1. How would you rank 189-196, 295-302, 234-241, highest first, on the average number of other Cβ atoms within 10 Å across their residues?
2. Along Cα→Cβ, 7 Å out, is where each label goes; now give me the distance between the ones at Y82 and E261 in nm to one decimal.
3. Return the Rg/Rh value of the range 181-236, two decimal places, where both radii are evaluated on C-alpha atoms and Rh is the Kirkwood radius.
4. R0 = 22 Å: FRET efficiency of K220 with N143, Cβ-based, nearest 0.05?
5. Return the lysines within reach of K314: Cα separation strictly under 26 angstrom, same-chain partners fewer than 8 residues apart disregarded; answer none if there are no such residues.
6. Just the number: Rg to Rh for the range 2-166, Cα atoms, Kirkwood Rh, two decimals.
7. Among the lysines, select those whose C-alpha is under 16 Å from the C-alpha of K269, and discard any that sit fewer than 8 residues away in the same chain.
8. Report, to two decimal places, the Cα Rg of the chain normalised by 2.2 N^0.38 Å (N = number of residues).
Amino acid sequence: MRIIGTGSALPEKVVTNDMLAGFLDTSDSWITSRTGIYTRHLLSKETLGELAITAAQAAIESSGLEPSDIDYLICSNVANSYVSPSLGSIILAPLGCSCPCFDLNGACAGFLYSLDIADAFFKTKRAKHILIVAAEEPSRFCNWHERETSVLFGDGAGAVVLSDEEGFLDFRVTADTHTDVLYYKRSLETTPYDRVEEKTMPLVMQGREVFKLAVRACIKDVDMILEKNNMTGSDIDLFLLHQANLRIIDSIREHLDQPKEKFPTNLQKYGNTSSASIPILMDELSRAGELKDGSTLMLSAFGGGFVTGAAITKWTKIEYKQEENQ
Ligand code: ACO
């Protein structure tokens, strides 16, 4: 399969580190030195559904297709204010699509999981065109009185349209149970029979453990998928990694012994937007003309579970209507 259209959308509200230091015991220097993050966009007056629709519309428009051409919609989302219906169902009709859809919770690796499933749909001839929308509001999982987690995240949506053509070379997805290091727990309604006490827990993260797991897992995925395809890091033109933390990306880059220019980042502006981070980065780079025709991209992400995903794709240039490629 091949990516033939991209789109993204960020909330209007920009929150700087200094703004956070106004009500949290933190500072711009702590946040930038530990994470690389300077600002994040947070939902204020928009809904996540609206962001998802804007990103998806941009992706469909750049693909040259009509919404009615989409055979399947996969929506990557960890959680939003609706438990049911799915976010996919909520955005489907406003987009003008009338295809089957479902939500997929692959945490921050949800975009890679969605790609892997889309690939299976193409291979089994279930679809000719698939829309993936990764839309996330992780800022809504955090306790905003706690500095440990709230400074790390931002909200956003990224989308791609895929078609049944040559492009992706390979995928690798993994999962393991490490519930204690990273979780967000919502309590459901009680019943007269329920005897297990449940408590809502805003996002809990063992930062150092997650850091180590993320670096180890990403390096393993990248090494294994390269080896399987008889490639080395030098065969990859750009590494589009999950935008969680600049230090995580730097550790992975050092292990792979590849130049900094091959690891584009935008987490400085957006923070960690969970599964939306790679499609947002991809859309920005593609619209800026920085994804060269025929170049080889490595995508890799990791997240709560612990889940990981990696993929290698050849890039085919996308023509965008209103913006000029640089
Ligand atoms: N501002 C100021 N001080 C803080 C803050 C903050 N926002 N948060 C924590 N601190 C304090 C801690 O309380 C601790 O204080 P203490 O020494 O008095 O106990 C001190 O800073 C140092 O804490 P460390 O844990 O040593 O800081 P570290 O260098 O490990 O950085 C961080 C913490 C940034 C969370 C790091 O562990 C990390 O990046 N982990 C990975 C987080 C991540 O990226 N998660 C997302 C990936 S998975 C996914 O995307 C879902």
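The values are calculated or read from the model by the stated rules, or taken from the named source; none is laboratory data. In this text, all values refer to a predicted model and were calculated from it rather than measured experimentally. Here Cβ is always computed from backbone atoms with ideal geometry, including for glycine, and neighbour counts include all displayed protein chains. Ligands, DNA and RNA are excluded from the accessible area calculation, which covers all protein heavy atoms including side chains. Shrake-Rupley method; radii C 1.70, N 1.55, O 1.52, S 1.80 Å.
1. Numbers: 189-196: 6.1, 295-302: 23.8, 234-241: 19.0.
Output ranking for 189-196, 295-302, 234-241: 295-302, 234-241, 189-196.
2. Reported label-point gap for Y82 and E261 is 4.6 nm.
3. Numbers: Rg = 19.9 Å, Rh = 14.9 Å.
Over the Cα atoms of the range 181-236, Rg/Rh equals 1.33.
4. Values: r = 32 Å, r/R0 = 1.45.
Efficiency for this residue pair is about 0.10.
5. Cα-Cα hits under 26 Å: K123, K125, K128, K220, K228, K260, K262, K292.
6. On the way: Rg = 17.2 Å, Rh = 16.6 Å.
The Rg/Rh ratio comes out at 1.03.
7. K13
8. Values: Rg = 19.0 Å, N = 326, 2.2 N^0.38 = 19.8 Å.
The chain yields a ratio of 0.96.
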